[in-house]
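Single-structure report; data block below.
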Amino acid sequence: MIIELTTQELDRCIEFSYKCAKNQQEIEFGQSDTIPRSHIEIGRDNLIGKIAEVAFSKMMDKYFGIMIALDFEYYPRGVWDKQDAIINGWRIDVKGTRQGGRWMLIEWSKLNFRQKEGILSHLYVMSSVNWDRVKDLPTGKVDIVGCASLDRLVHGVKNTLILRKGSCIPKTNTRLQADNFGIHFDNLEHDWNKVIHWITNNPPFDTSGYPNPYNVF
């Protein structure tokens, strides 16, 4: 589903994302042995994610009449927001990638961290953020591609790949900086009417029994 941000919404995302970068760690989440990222790289990653969050919020309001409070609070180093969205008790993590990416990647380190905090997300939403590669700026258009529930982020599930640190994303030369579960866009759930009907009419499932991905190895 295509959602377009206004110029004002886009400007707010840009300002927020690069200000946040000044307070954030320079290494990948939970990966102390990776090459430090510049504040420009951190800001760009923040921006992709924040645009995805705003687009998801707009989709929910426009098509389903559900209001989601957006978080534009600046957190100090070492402190993270809890969830991107909560609907009927369902914790939702909104992921974003620049246009061209075809995989939803969920880092094991983030799953491990959220599990220790007792706040694993129930649902993971994937968005493709349209990007002007020449200007290195977002255009404001977002394709909210699909989603997957937490129970697909385990070993041995069909169409969920285990992508280990140092390997490449399938059919690309992009080497991963962390262990991930990967689901191709084609294998995500795309029927938003079905998804929203389910989460608004059913309580969230218990995440306490989630099998930590690191414990398998």
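Compute a Gaussian network model of the chain, connecting alpha carbons closer than 10 Å, and tell me which residue from LEU153, LEU188, LEU137 fluctuates the most.
Checking each option, the largest mean-square fluctuation is seen for LEU137.
To make sure I understand the rule: partners must be lysines, Cα under 27 Å from the Cα of LYS158, and not fewer than 8 residues away in the same chain. Which ones qualify?
Correct list for LYS158: LYS95, LYS110, LYS116, LYS171, LYS194.
Which of the listed residues, TYR214, SER128, SER17, is farthest toward the dipole's positive end in the chain, when Lys, Arg count +1 and Asp, Glu count -1 at the beta-carbon?
Among TYR214, SER128, SER17, the one farthest towards the positive end of the dipole of the chain is TYR214.
Please work out whether the range 153-217 counts as rounded, prolate or oblate from its C-alpha gyration tensor, where a ≥ b ≥ c are the square roots of the eigenvalues and a/c under 1.5 means rounded, while otherwise a/b larger than b/c means prolate and anything else oblate?
Here the range 153-217 falls in the oblate category.
Which of these, TYR63, TYR124, TYR18, has the largest mean-square fluctuation under a Gaussian network model of the chain (Cα springs below 10 Å)?
Taking springs between Cα atoms under 10 Å, the residue moving most is TYR63.
Looking at the chain, send over the antiparallel percent of its DSSP beta bridges, to the nearest 5.
75 percent
So how do HIS39, HIS184, HIS122, HIS197 rank on accessible area, 1.4 Å probe, biggest first, that is with the largest at the start?
In descending accessible area the options line up as HIS197, HIS39, HIS184, HIS122.
Once ligands and nucleic acids are excluded and a 1.4 Å probe is used, how much of SER57 is accessible, expressed in Å² to the nearest 10?
20 Å²
If you build a Gaussian network model of the chain, linking Cα atoms that sit under 10 Å apart, which residue out of VAL134, VAL54, VAL154 swings the most?
VAL134
Could you tell me which trypsin sites (Lys or Arg not before Pro) in the range 151-211 are loop residues by DSSP with no more than 10 other beta carbons within 10 angstrom of their beta carbon?
LYS158, LYS171
Which shape class, rounded, prolate or oblate, goes with the range 61-217 when its Cα gyration tensor gives a ≥ b ≥ c as root eigenvalues, a/c under 1.5 marks rounded, and past that a/b bigger than b/c marks prolate?
Verdict is rounded for the range 61-217.
Within the range 173-217, what residues put their amide N at less than 11 Å from the label point 7 Å along the Cα-to-Cβ vector of ASN159?
183-191
Just need the relative contact order of the chain here, percent rounded to a whole number, with Cα pairs under 8 Å and 6+ apart.
Relative contact order of the chain: 21 percent.
In the range 139-194, if the dipole is taken from +1 on Lys/Arg beta carbons and -1 on Asp/Glu beta carbons about the Cα centre, which of LEU188, VAL145, HIS155 is farthest to the positive end?
Result: HIS155.
How would the range 105-196 be classified by its alpha-carbon gyration tensor: rounded, prolate or oblate, with rounded meaning a/c under 1.5 and the a/b versus b/c comparison settling the rest?
oblate
Quick one: 3J(HN,Hα) in Hz for the range 54-60, Karplus 6.51/-1.76/1.60 with θ = phi - 60°, rounded, Gly and Pro as x.
Those phi angles translate into 5, 5, 5, 4, 5, 4, 5 Hz.
Amide H of ALA178 versus every other amide H placed in the peptide plane: which residues, excluding those fewer than 5 positions away on the same chain, fall under 5 Å?
Amide H neighbours of ALA178: GLY166.
The values are calculated or read from the model by the stated rules, or taken from the named source; none is laboratory data. Here the structure is a predicted model, which is why all the values come from computation and not from measurement. Ideal geometry is used to build each Cβ from the backbone, glycine not excepted, and the neighbour counts take in all protein chains shown. Note: areas computed on protein heavy atoms with side chains; ligands, DNA, RNA excluded. Shrake-Rupley method; radii C 1.70, N 1.55, O 1.52, S 1.80 Å.
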